[in-house]
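**Q** Could you have a look at this structure, given as structure tokens, before my questions?
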Amino acid sequence: HGINDSPQSVQSLGERGQRDGQEVHTLVYDDRFRRLRDTSSDMAGQLRQWMEQNPGRPLQISAHSMGARIALGALSELHQLGLLEGRRLQLDLIGPPLGGFEAADLARLDVSGLLGGRIAVVRPGHDMGSTSGFQERLEELRLPPNVSTRIFLGGRDRLVDPNSPGFQRIAGNLNAAIVSLPEAAHDNLPEHVSRR
């Protein structure tokens with residue numbers, strides 16, 4: 001799920017998976033006071049454990065908004081460890097702010113970390129910035145060919161800029177297929193995707 005949201009916002013995706021007989025897990029995380037890099041590491045650890053317990057089983061990851069950045073951070077860690085090779089993996093990024101946000105670059109002004117512990121979204125903002133170290137990491141990510149990536153974009157989404165250089169670079173590096181949902185806005189994209 002994305003920032004200022006909850007697992008319920010992606011519940012329709014989980015329900016679709018359950019109807020299809022899939023095992024479904026939802027990552028619950030602190031989206032207000034925790035760095036994305038730390039949450040990505042947590043997700044990588046949970047995925048690694050699942051992968052070790054389920055050798056050869058295909059894996060699908062669906063992530064909305066900021067959750068897409070977290071998922072990419074987790075996959076970056078797993079790829080560096082050589083754990084993504086040979087497993088069929090479907091990655092669905094739903095309304096992902098792949099280019100980051102220029103406004104979030106201001107979070108770096110909190111160098112002492114004082115505000116991040118008191119004001120919501122300052123810590124996650126460090127990794128949402130368009131010029132952050134986390135952004136650089138995502139822009140360098142290339143996944144193995146067994147990872148198939150789709151990016152779902154809503155025609156009424158006013159938060160995600162698919163024309164930003166960062167978005168274009170990441171989408172290109174992932175060889176992502178772009179799926180347009182003209183009637184979807186940012187907040188209801190998961191529901192539109194679950195109907196497909």
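The values are calculated or read from the model by the stated rules, or taken from the named source; none is laboratory data. Owing to the predicted nature of the structure, the values given are computational and were not obtained by experimental measurement. For neighbour counting, all protein chains shown are included, and Cβ atoms are generated from backbone atoms with ideal geometry for every residue, glycine included. Accessible surface is based on the protein model in full, side chains and every heavy atom, while ligands, DNA and RNA are left aside. Shrake-Rupley method; radii C 1.70, N 1.55, O 1.52, S 1.80 Å.
**Q** What are the residues in region 173-193 that are surrounded by 17 or more Cβ atoms within 10 Å (Cβ to Cβ) and not acidic (Asp, Glu), if any?
**A** Listed by number, the residues that qualify are Leu174, Ala176, Leu181, Ala184, His186, Asn188, Leu189, Pro190, His192, Val193.
**Q** Sort out which residues of region 125-147 are assigned to a helix (DSSP H, G or I) and surrounded by 16 or more Cβ atoms within 10 Å (Cβ to Cβ), and write them in order of number. Talk me through it step by step, then tell me what you get.
**A** Here is the first cut: in region 125-147, the residues assigned to a helix (DSSP H, G or I) are 125-128, 133-140.
Once the filter is applied, which keeps residues that are assigned to a helix (DSSP H, G or I) and surrounded by 16 or more Cβ atoms within 10 Å (Cβ to Cβ), region 125-147 yields Gly125, His126, Asp127, Met128, Phe134, Gln135, Arg137, Leu138, Glu139.
**Q** Those residues that are surrounded by 16 or more Cβ atoms within 10 Å (Cβ to Cβ), touching a residue at least 60 places away in the same chain (Cβ under 8 Å) and more than 9 Å from the chain's Cα centre (by Cα), I need them from region 45-87; list them, please.
**A** Once the filter is applied, which keeps residues that are surrounded by 16 or more Cβ atoms within 10 Å (Cβ to Cβ), touching a residue at least 60 places away in the same chain (Cβ under 8 Å) and more than 9 Å from the chain's Cα centre (by Cα), region 45-87 yields Leu75, Ser76, His79, Leu84.
**Q** Here are some conditions: (1) without any contact (Cβ under 8 Å) to a residue 60 or more places away in the chain; (2) within 16 Å of Leu72 (Cβ to Cβ). Ile170 meets all but one. Which one does it not meet?
**A** Only one criterion in (1) without any contact (Cβ under 8 Å) to a residue 60 or more places away in the chain; (2) within 16 Å of Leu72 (Cβ to Cβ) is unmet by Ile170, namely (1).
**Q** Return yes or no: is Asp127 modelled with pLDDT of 85 or more, acidic (Asp, Glu) and closer than 25 Å to Asp161 by Cα?
**A** Numbers: modelled with pLDDT of 85 or more: no; acidic (Asp, Glu): yes; closer than 25 Å to Asp161 by Cα: yes.
Answer is no for this residue.
**Q** Residue by residue through region 151-167, note down the ones that are part of a loop (DSSP other than H, G, I, E, B) and either of a type outside the set (A, V, I, L, M) or free of Cβ contacts under 8 Å to residues at least 60 places away in the same chain (or both). Before you say what the answer is, go through the steps one by one.
**A** To start, the set of residues in region 151-167 that are part of a loop (DSSP other than H, G, I, E, B) comprises 155-164.
Of everything in region 151-167, those that are part of a loop (DSSP other than H, G, I, E, B) and either of a type outside the set (A, V, I, L, M) or free of Cβ contacts under 8 Å to residues at least 60 places away in the same chain (or both) turn out to be Gly155, Arg156, Asp157, Arg158, Asp161, Pro162, Asn163, Ser164.
**Q** Go through region 148-172 residue by residue and tally those that are over 15 Å from Ala71 (Cβ atoms) and open to solvent by 30 Å² or more (accessible area, probe 1.4 Å).
**A** Count: 11.
**Q** Can you tell me which of (1) over 19 Å from Pro190 (Cβ atoms); (2) at pLDDT below 95 is the one His64 doesn't meet?
**A** (1)
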